[in-house]
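The values are calculated or read from the model by the stated rules, or taken from the named source; none is laboratory data. Worth saying up front: this structure is predicted, and the values here are computed from it rather than measured. Every residue, glycine among them, receives a Cβ derived from its backbone with ideal geometry; neighbour counts consider all protein chains shown. Each accessible area value is taken on the protein alone, full model and side chains, heavy atoms only, with ligands, DNA and RNA left out. Shrake-Rupley method; radii C 1.70, N 1.55, O 1.52, S 1.80 Å.
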Amino acid sequence: MEFPAEPFRIKVVEKIQKTTREERVELLQQAGLNLFNLPAEKIYIDLLTDSGTSAMSDNQWAGMMVGDESYAGCKNFFNFARAVRDIVGFSHIIPTHQGRSAENLLFSVILKKGDLVPNNTHFDTTRANVLHNEAIPLDLVIDEGHDPNLDHPFKGNMDVDKLERLIADKGKKRIPLIMMTVTNNSGGGQPVSMANLRQVHRVAKKHRIPFFLDACRFAENCFFIKEREPEFASKSIPSIAREMFSYADGCTMSAKKDGLVNIGGFLAMNDDTCYRAATNLLILLEGFPTYGGLAGRDLEAIARGLQEVLEEDYLAYRIGQVRYLGELLSRSGVPILKPIGGHAVYLNAREFLPHLPQAQFPAQALAVALYREAGIRTVEIGSLMFGETDPKTGKESYPELELVRLAIPRRVYTSMHMQYVAESIAQLYRQRQSIKGLLLVYQAPLLRHFTARLSEVE
Ligand code: PM9
């Protein structure tokens with residue numbers, strides 16, 4: 001079956017609210033045309049993120065009831081550590097309250113001023129945490145990864161020649177770690193192949209540079225490997241995951257994605273010295289090493305979520321649902337990034353709104369219009385998120401891609417919701433000429449998209 005039906009049935013429902021266009025126009029004005037500022041209850045379909053928005057299973061909810069809230073050594077920590085170690089195989093597992101705190105711990109102990117961090121593409125929090133430690137994030141995704149119309153099975157791969165050249169030019173002393181994001185969120189939720197992971201592993205090993213995975217969507221990446229790399233067609237998803245992690249020395253993880261929970265994360269590694277330093281910082285910033293900023297019940301939900309996420313019928317449904325939405329849009333002629341990613345469909349705003357220059361934030365303008373017309377919230381991944389204003393000259397730099405991401409929460413929406421989204425976007429596409437550009441009214445120095453305020457160009 002091309003789009004497998006849900007491998008679950010629904011036991012609890014949550015009402016969602018429809019609003020009028022007039023209400024949404026008013027709400028957008030109050031929000032400074034920033035969708036992060038909208039009250040969530042005024043959103044009909046919320047595709048802002050797939051992070052922390054999953055529906056937990058009855059098994060996970062049952063796990064919440066056996067939360068052991070002892071300060072130290074709670075039983076759920078041991079279940080959590082066992083579940084994580086079964087998948088990643090690293091010696092040390094540090095729980096954190098979410099992914100960016102794992103990044104902060106890792107980078108704080110491993111980076112110094114002027115260091116370089118190669119990645120396929122840094123996610124925004126990863127980039128910001130590297131910069132916060134006065135190091136430089138470098139994106140070395142393959143050239144194919146920059147072309148939104150090119151079909152390639154593993155567009156998240158790292159350009160290994162570029163990586164070798166970087167090490168030869170800058171010297172390995174300036175590169176304390178190599179990172180790979182699976183799947184590559186900022187590049188369109190595109191997977192990384194096992195072949196590429198092996199190559200990067202070989203380069204890292206040759207130069208004795210630690211290799212870490214940003215593993216937020218590791219299970220979705222494994223599904224693509226099984227589907228697209230013939231060598232893995234008959235392998236089980238857990239065995240693919242084990243092989244994937246075997247090429248790395250550690251990982252950061254936001255369990256809010258492929259942990260199928262609403263909060264949580266971890267940092268895992270083999271190196272004892274790095275572990276000790278990160279643990280000391282953990283106690284200062286997050287909490288004791290057996291809870292790391294989480295309740296015992298949260299640790300139990302992660303332990304169970306990590307097992308469920310590796311079930312093949314779940315992954316076939318998950319990837320299938322995202323693909324279903326993408327194909328409905330493609331059939332209506334809406335320009336989307338190809339191939340369709342694992343957790344999201346990305347609208348190509350440059351092609352959707354060719355009349356708007358990058359200086360007028362076409363992707364944000366499209367996201368705002370979609371909320372105004374249909375009550376659907378999405379997120380901009382373009383010049384608002386990744387553009388920068390030079391503080392000295394005031395000059396703007398722009399990213400290559402202008403995308404609007406429709407991130408699909410896990411196990412939350414039905415295929416009828418996907419049809420509503422596709423029809424609303426197709427309708428907006430037909431009236432695209434009416435969409436106006438935007439101007440920045442306020443921006444923060446780091447991660448500006450979260451708090452920016454904008455207005456419409458008249
Ligand atoms: N990703 C996302 O929506 C949530 C934050 S922005 C609305 O895609 C990667 C690849 C991510 C990611 C978060 C983090 C940080 C690290 N790497 O949000 O701190 O996609 O748990 O994870 C978001 P936390």
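For ILE136 and VAL160, FRET efficiency with R0 = 25 Å and r from the beta-carbon atoms, rounded to 0.05? Please list the in-between numbers first.
Numbers: r = 20 Å, r/R0 = 0.79.
Calculated value: 0.80.
Past the 21 angstrom mark, what percentage of all C-alpha to C-alpha distances in the stretch 9-108 do you count? Numbers along the way, then the final one.
Working: 2943 of 4950 pairs.
Of all Cα-Cα distances in the stretch 9-108, 59 percent exceed 21 Å.
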For the stretch 251-395 the translational diffusion coefficient, Stokes-Einstein from a Kirkwood Rh over Cα pairs at 10 °C and viscosity 1.306 mPa s, in µm²/s, is roughly 84 µm²/s
Give the aspartates and glutamates reachable from LYS338 as a straight Cα distance under 16 Å; neighbours fewer than 8 places away on the same chain don't count.
ASP143, GLU144, ASP147, ASP151, GLU327, GLU351, GLU400, GLU402
Which whole-percent values make up P(r) of the stretch 121-178 when all C-alpha to C-alpha distances are grouped in 5 Å steps starting at zero?
4, 17, 22, 21, 20, 11, 5, 1
Could you point to the residue in GLN443, ILE45, LEU105 farthest towards the positive end of the chain's charge dipole, with +1 and -1 charges on the Cβ of Lys/Arg and Asp/Glu respectively?
LEU105
Sort out for me the Cα centre separation of the stretch 101-180 from the stretch 400-458, rounded to whole Å.
27 Å
If you place +1 on the Cβ of every Lys and Arg, -1 on the Cβ of every Asp and Glu, and leave all else neutral, what size is the dipole of the chain about its Cα centre, to the nearest 20 Debye?
480 debye
When the charge dipole of the stretch 101-251 is computed with +1 on Lys and Arg Cβ and -1 on Asp and Glu Cβ about the Cα centre, the Cα farthest towards its positive end, among GLY171, VAL141, VAL130, belongs to GLY171
Dipole of the chain (Lys/Arg Cβ +1, Asp/Glu Cβ -1, origin at the Cα centre): which of VAL117, GLY265, ALA83 lies farthest to the positive side?
VAL117
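So what's the projected area for the stretch 293-338, the Cα convex hull averaged over all directions, in nm²?
Values: hull surface 20.1 nm².
Orientation-averaged projected area of the Cα hull: 5.0 nm².
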Hydrodynamic radius by Kirkwood for the chain, inverse mean 1/r across distinct Cα pairs, in Å, is 22.5 Å
Counting each DSSP H run of 4 or more residues in the chain as -39500 (n - 2.57), what helix-only mean residue ellipticity at 222 nm follows after dividing by all residues, to the nearest 500 deg cm²/dmol?
-12000 deg cm²/dmol
Sequence neighbours fewer than 8 away in the same chain don't count; with that in mind, list the lysines whose C-alpha is under 19 Å from LYS15.
LYS42
Leaving ligands, DNA and RNA out of it, report the carbon-plus-sulfur percent of the accessible area of the stretch 377-420 at a 1.4 Å probe.
55 percent
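Treating only the Cβ atoms of Lys and Arg (+1) and Asp and Glu (-1) as charged, compute the dipole magnitude of the stretch 1-134 about its Cα centre; round to the nearest 20 debye.
200 debye
Using a 1.4 Å probe on the protein heavy atoms, what percent of the accessible area of the stretch 1-158 belongs to carbon and sulfur? Present the calculation step by step, with values, prior to reporting the outcome.
On the way: 4170 of 7780 Å².
Taking all protein chains in place, the stretch 1-158 shows 54 percent carbon and sulfur surface.
Only Lys, Arg, Asp and Glu count, each charged at its Cβ (+1, +1, -1, -1), so figure out the dipole size of the stretch 79-234 about its Cα centre, rounded to 20 debye.
Values: 21 positive and 19 negative charges, 174 e Å.
Using Cβ point charges on Lys, Arg, Asp and Glu, the stretch 79-234 gives about 840 debye.
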What share of Cα pairs, in percent, lie more than 17 angstrom apart in the stretch 346-458?
54 percent
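Going highest first, how would you order 155-164, 252-261, 106-115 by mean Cβ packing within 10 Å? Write down the numbers at each step before the final one.
Working: 155-164: 20.8, 252-261: 29.5, 106-115: 17.7.
Per-residue Cβ counts within 10 Å, averaged per peptide and sorted highest first, yield 252-261, 155-164, 106-115.
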Just the accessible area per residue of the stretch 279-398, please: how many Å² with a 1.4 Å probe?
33 Å²
What lysines does LYS11 reach when the alpha-carbon gap must be under 23 Å and sequence neighbours fewer than 8 apart in one chain are set aside?
LYS256, LYS257
